[in-house]
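Structure first, then comments.
Since every read-out is calculated from the coordinates, none of them should be taken as a lab result. Please read these numbers as outputs of a predicted model, since none were measured by experiment. No Cβ is skipped: glycine too gets one built from the backbone with ideal geometry, and neighbour counts run over all protein chains shown.
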Amino acid sequence: MDYFTGSSKQTMRRDFLRIGSLVSMGLSSQSFLAKTANANLPTRIGKARSCILLWLDGGPSHLETFDPKRDVPEEVRGPFKSIATKVPGIELSELLPSTARITDKLAIVRSVTSPLGEHGIANQYLLTGYQPGSPVNYPSIGSVLAHHRQSKSPLPNYITVPESRSSMGAGFLGSSYGPFSIGGDPARPNFQVRDLDYYPGIDGGRLSRRRQFLQQIEALDTDLSADKVTLDPTFEQAFRLISTPEAKRAFNLGEESDATRGRYGSRTFGQSCLLARRLVERGVGLVSVLQTGWDTHQNLILSLRDGFSGARVGVGLVPTFDQAFSALIEDLEQRQLLDETLVVAMGEFGRTPKLNTGGGRDHWPRVFSVVLAGGGVRGGQVIGASDRIGESPLERPVTPADLANTIYQLLGIDPDSELVTADGRPIRINQGGSFISEMV
Amino acid sequence: MMFAVWLVTSVLVAEPNTLVDFDSEIVPILTHAGCNAGACHGAAAGRGGFHLSLFGSDPQVDYASIVPFAEGRRVNLVDVSKSLILAKPLGMLDHGGDVVLEENSSSVSILRRWLEQGAMRGPQRQLTELRIEPAEATFSTPGQTMPLRAIATFSDGEETDVTAWAIVHSDDPASVEILQEPLRVRCLRPGQHTILARFWNRIVPVSIVLPYDDRLPIERKLETPNSFVDSQINMQLGKLNLSPNETADDATFLRRLRLDLTGRLPAPKELLEFQSTTSLNKRERMIDDLLVSKEFSSFWALRLARWFQLRGSPQEPQAAIAYSNWIQQSLESRTPYSDMVRELLTATGDSHLVGAANFTRTVADARQHAELVGSVLMGSRIQCANCHNHPFARWTQDDYHGLAAIFARFDRGRMVSLKTQGAVTNLRTGESAVPRIPGVRFLNESEAALEGFTNWILDADNPHFAKATVNRLWDAMMGRGLVAGVDDFRETNPPSHSQLLDALAVDFIANGYDIRRTIRWIAMSDAYSRRPSRTSGKNEFEAWYVASLPKPLYPEVLLDAIDDVLELTSLEKGESRERAITWLDPTHPSPDLDALGRCSRIEVCQSQSQHQGLAAKLQAINGELLNRRIADKNGRLQCYLRDGMAARNIIEDFFLRALSKKPNEEQIVMWLEELGALHGEEQKRWLEDFVWAIVSSEDFSTNR
Amino acid sequence: MVIQRMGHRCGRIFISALLFSLLGLDRICSADPPITALAFSLKQRQLMAGSQKGMVVLEWPGLKQVRLKDCELESIHDISVSPDEKHVLVAGGSPGSSGVVQMRSWPELELEQSWNEHQDVVYKVAWRADGQEWVSASWDGFCKVYSWNAKASHITMTSHSGPVFDATYVLDGSVATAGGDGTIVVWKPGSGETIKVLRQHTGTVHALALQPVREGNQERLLASASEDRTVRFWQPNVGRLVRFHRFPSTPGSIAWTRDGRSLIVGCDDGLVVQLDPVSLTSGIVSQRDSRVLSIVADLGDNLIAVSTGSDVRAIERPEWAVTVLPSTHATLAWYLGAFRPKRPKISCWLSPRF
């Protein structure tokens, strides 16, 4: 372990254990390390223009996906086996055969660890990089990106498909940096984003007039003249989006061939991933795709593999994920977008190493797995490891703050730079995390 | 000679001073070192096979884990240094948590002494008091530091300085920083901040005050308070050196009052009359008039329905109707809130007839029932105590499961009744939970558990109910509770004005639990009638009520307001329209309300609608909600146009109706100039766009 | 003179105290480690007790100390006498670092061979009935199988996902082991292959005991005691739970009486109970307020020896009158061998744990 990561691991553990008294010495040495670490970064950092975040809501079991175990008792191993992948030495669950073919593109972090085992607070930790509990309402990674970067296209810079979670919001940055949830179900034949087309009788001219009137009304109580008034940025964005037909076409999945749509899989998650690809192609900064249902306290075989009882071909969570994820990576690569698109697949925690009495697993934040690909990430590797039964990190523990730090840096955002809350308080984009140098 | 030998040997053999007490000396050492934190051995599953109670809340469990567990592997009484309980934290053996104790520290020497004395757990003494000095620290400039001391008093009478093992935590390190060795606190930003000091199983909040520079542009002396509400608020403002805004004008005040008390906008005629009246106590009279109105009962029925999480089921619409009617009638007849609560807790019978019985049906089982009761009646989120004791919140597992046990006998079918048997399993003991009044005592078998609990909640000395209720009322009127988070009362989240909260609670109890009375106190105060803040976004001073706080409208209120503005009123139309605020049941079909983000009540309602993002704006611009009403042939605008109303009058009317504002002459002229010479269809479209902008503006959808 | 005036007894105390302080032993003796291993030798009619201090051999019936042996182990968690009573296995180790199994001769207690393969203490070592093979169970989660003239174990069993606290040979040469993961695994020591996994316990299994042979060739039940506050009876090779009994506190140690008719159960709250495995009726044997650590049951069905903390007690039926060997006196006796307690005669019988 090199000097920097060795000692930062030490300080990290201490911060973990000590409540309150964050030794100011420790904090500043942390930031010192982070800054120096930045200075030594190879030039592959900051290559990613966009990010697709696959949010596996509910806490996916690491033992049935990216961290299967072999020589262990049955109640640890679970009902499924592990298979070899394209990369010798890395094994995945047998439910991920397509992903096994593209493992050379993936960096699998198997030692992510968090103390938070409840959905709401764990979501917030993973999606913002900050643990909840202070008076500050932290913004999600997508909102920080939207804030950091001007969107060149009229498409909003931060989109969630098909809907968002409360932790995906903008926090103190204000709702104008919140995500645009497209709503609906991309898998439906008549899918379209609501209210993008003009109401009958309205046209571009009237739209501008409405916008102008809005400005005038907002100007009433102030000393400003109407043209100096800044409207709610979300309104501005809405006006822009409606008046740009090319932007609206981004949401039209009918433009994709049947072959492509089939490759991703016909379920909501698959088509949502396809939509995400279309959006980043057109310059959207961060698209978050939601797959719900991973909170498998009961019957792993039914929820993770089969999808419904009596299924002959598994259409449960993992096969659906497998098809869509591998399709997304391959598609991005074919279109030469993979180098500039960071893909992250994660949930809020893992699941218990031992099966419970219902044949499922319960919440387990102590160790779990997260997968990254593209955007400068060096594929074909496993970072960190969990112990023999997938209970604790064995080496190289990674916190969600580290993950956020890494994602920010890969996207070219300096995690030490500061945001300011409405009452003037400076908040670092990322605090307490360090870059996972093995990632590149 | 032998005598001398005896003396010498006795002295040599004499034991060093007193016995180390496990509960009050060893457990705090473990807590201070972080051993029993949730991330380490305090986790429910322990760590590395070693399990401690979270933050030392249960010394019995801790002792059992450390000493006799697994045939005493953790304690070596022959060679004390080899004990795992020392060797691991000192780093002599591989430890997942690395080195957490230093060899030369007092912690280690106490641990060693305890081990040498036989690792016993003696007669347990309790911590009777934890005192922090100072309890409130007032600073004068940012960056100053002040030392802190923690003094513990035990049940054996001993008073010890335990500063070395106190853990002091600042939730907001940017405002207050904690420094170690020696223990000091440094205040960085002005305001009143709370830090928490913890020792063993007690946690004490410490108040850190740094007054603001008086930098608000308007220098105003604080007016003589006209009630106990204002005297408390003003005292705090004075302490922090803040100047509040002046009083809002009549129009702003009436709009706010109307929306808060009756959930509707003031009609233009009403507004103009109110503004032109010159009587001195017109605001007081308006408050009194509104409080006795039927509209008040209607709207506050909706508020209560949200508190109680009223939710109908499509198969049994009569149940929701009975519940709604009951709430409405109770409000109309001024039933004391305590009587309402008694009914909610104890009502049985046919839920289609007995409205209050539906409270029990709102929840699926006894545990959810306990959580709802905790949230509404005690202001507490008791759910964490399902799985473990949390020493920060006062609730233990016995409290949680004991409270659930009180509600375990309910049959929650259509006929709500109490069965003879019913129990929940206490996860801590593995057996049936004994009914318990949380934080107080177990209920014995002879007492009817439900009645015992109800009497306790409604007793004048109950510390939770009145405070939780008046806090909700304050939050509804002022936009922020005295305890931020109406269901988040805990020691670690103290009220911003605790004496005010106490005074309101005492007044509430002493005067028949009359919610109108408390609302009146609030509405009459200067704090309520301040001008809104000019800056947008979250206001740093919001806890001190320097300005009025903006409150987003409930979707039901917003829809009614949209209809009031864009459609004709019932008087004008000659037929009555059902107002959305009377639909207490969120399953009442209404695509418009769903589009506005109506709360489903499946969980506790958020005060902020999630509905503020881009999708909402797209809907405002292109969606049905506004456009259909604006274009409606029988809508207000189209009717005005058909009646030949002049553009100027239309403009004035919509301003007054929607925003409670009267544009001045200059502004009218400006609008008319823009309208220019447009007439006919063109003029209609212009006015439609104008009306659209009025109802889409932030001023419209916010209660300032 | 002074001695005579103050009495024989006091004089001894002075001398002991003096010697203590001179030898610097007072610090060590101010606390007594619990006795964590008990074993009985039939032939010699002696009781062996092991703790962090080492091993002490006590005479039967006088409970007089015969000898004490420093086994050079930081802790001793099991002592097991071979079926032919020529050897004794002593198991223990250093918590957190290593687990040791020692083969010593009996009654000389000379060290013949030592295996240091485990990464944490060994809690149990069990002989096969023919004395040719034995199994160790350790906190590190592994079980190892050894035989004569082998320098190392020849099989390591990995089926447990937590510490293993007990091991016992059941029928047909297979072994049952149990521990922190709450399962009882029945496996073949020859191949390491798992035969059955018994999962009904919902907490750590602390102890196992196989019912002794009874007349009439009836099947032998396996008894287990667990953190879930039950004692369960199984048919180990079939894998069937036959019945179970609940206790108010965790039963930590169990032993069958020689006739196989009763199971003696010792609990964490100090209760010692005699349980009938068929009818599940129970009778209280004794009640103290300290945790029961080990039980060894008697040859003639009259007595059991129980260690709680650093005491060893002999409990006799049918009256179940209790006589106690107080610990402080035993400590003094340990080091000086000269002090005799002035108490009513103590007698205890012992029988091999089976």
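Here is how the numbers come out for the structure above:
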{"item": "Longest to shortest principal axis, alpha-carbon extents of region A:75-142, angstrom", "result": "47, 31, 17"}
{"item": "Shape call, region B:626-700: gyration tensor on alpha carbons, a/c limit 1.5", "result": "oblate"}
{"item": "For region B:465-476, 3J(HN,Hα) per residue [Karplus equation, 6.51 cos²θ - 1.76 cosθ + 1.60, θ = phi - 60°, Hz, x = Gly/Pro]", "result": "4, 5, 5, 4, 6, 5, 5, 5, 5, 4, 4, 5"}
{"item": "All aspartates and glutamates inside 16 Å of B:Lys269 as judged from Cα atoms, apart from same-chain residues fewer than 8 positions distant", "result": "B:Asp250, B:Asp564, B:Glu572, B:Glu652, B:Asp653"}
{"item": "Share antiparallel - DSSP beta bridges, chain B, percent rounded to 5", "result": "90 percent"}
{"item": "Prolate/oblate/rounded label for the protein assembly as shown (Cα gyration tensor, a/c 1.5)", "result": "prolate"}
{"item": "Above-threshold pairs, the threshold being 28 Å between Cα atoms, out of C:Lys64/C:Lys144; B:Lys88/C:Lys196; A:Lys47/A:Lys69; C:Lys43/C:Lys69; B:Lys551/B:Lys617; A:Lys228/B:Lys239", "result": "C:Lys64/C:Lys144; B:Lys88/C:Lys196; A:Lys47/A:Lys69; A:Lys228/B:Lys239"}
{"item": "Ordering of B:107-120, B:248-261, A:164-177 by burial proxy (mean other Cβ atoms within 10 Å per residue, highest first)", "result": "A:164-177, B:248-261, B:107-120"}
{"item": "Nearest-0.05 FRET efficiency for B:Asp365 and B:Lys662, computed from C-beta distance (R0 56 Å)", "result": "0.50"}
{"item": "For A:Phe80, net neighbour charge (Lys/Arg +1, Asp/Glu -1) across residues whose Cβ lies under 10 Å away", "result": "+1"}
{"item": "Rounded to 5, the percent of DSSP beta bridges in the protein assembly as shown classed as antiparallel", "result": "85 percent"}
{"item": "Region B:434-490: translational diffusion in µm²/s, Stokes-Einstein, Kirkwood Rh over Cα pairs, 4 °C, 1.567 mPa s", "result": "101 µm²/s"}
{"item": "Normalised contact order of chain B, rounded percent, pairs of Cα under 8 Å and 6 or more residues apart", "result": "10 percent"}
{"item": "Fraction of antiparallel bridges per DSSP, chain A only, in percent to nearest 5", "result": "45 percent"}
{"item": "Given charges at beta-carbon only (K, R positive; D, E negative), |dipole| of region B:608-677 in Debye", "result": "360 debye"}
{"item": "Normalised contact order of region A:302-407, rounded percent, pairs of Cα under 8 Å and 6 or more residues apart", "result": "17 percent"}
{"item": "Exercise: per-residue mean of other protein chain Cβ atoms within 10 Å, A:212-222", "result": "6"}
{"item": "Taking only Cα atoms of region B:360-487, radius of gyration then Dmax in Å", "result": "14.9, 45"}
{"item": "Exercise: per-residue mean of other protein chain Cβ atoms within 10 Å, B:32-41", "result": "4"}
{"item": "Per-residue ³J(HN,Hα) for region A:321-332, Karplus 6.51 cos²θ - 1.76 cosθ + 1.60, θ = phi - 60°, Hz, x for Gly and Pro", "result": "4, 4, 5, 5, 5, 5, 4, 4, 5, 5, 4, 4"}
{"item": "For chain A: rounded, prolate or oblate by the Cα gyration tensor [a/c cutoff 1.5]", "result": "oblate"}
{"item": "Packing-based order for B:329-338, B:349-358, using average beta carbon neighbours within 10 Å, highest first", "result": "B:349-358, B:329-338"}
{"item": "Kirkwood Rh in Å, taken over chain B so that all alpha-carbon pairs contribute", "result": "29.6 Å"}
{"item": "Amide H contacts of B:Arg184 (H built 1.01 Å from N, under 5 Å, at least 5 apart or other chain)", "result": "B:Leu148, B:Leu179"}
{"item": "Around A:Arg165: net Lys/Arg minus Asp/Glu count, Cβ-Cβ under 12 Å", "result": "-3"}
{"item": "Percentage, to the nearest whole number, of Cα pairs in region B:574-698 over 16 Å apart", "result": "70 percent"}
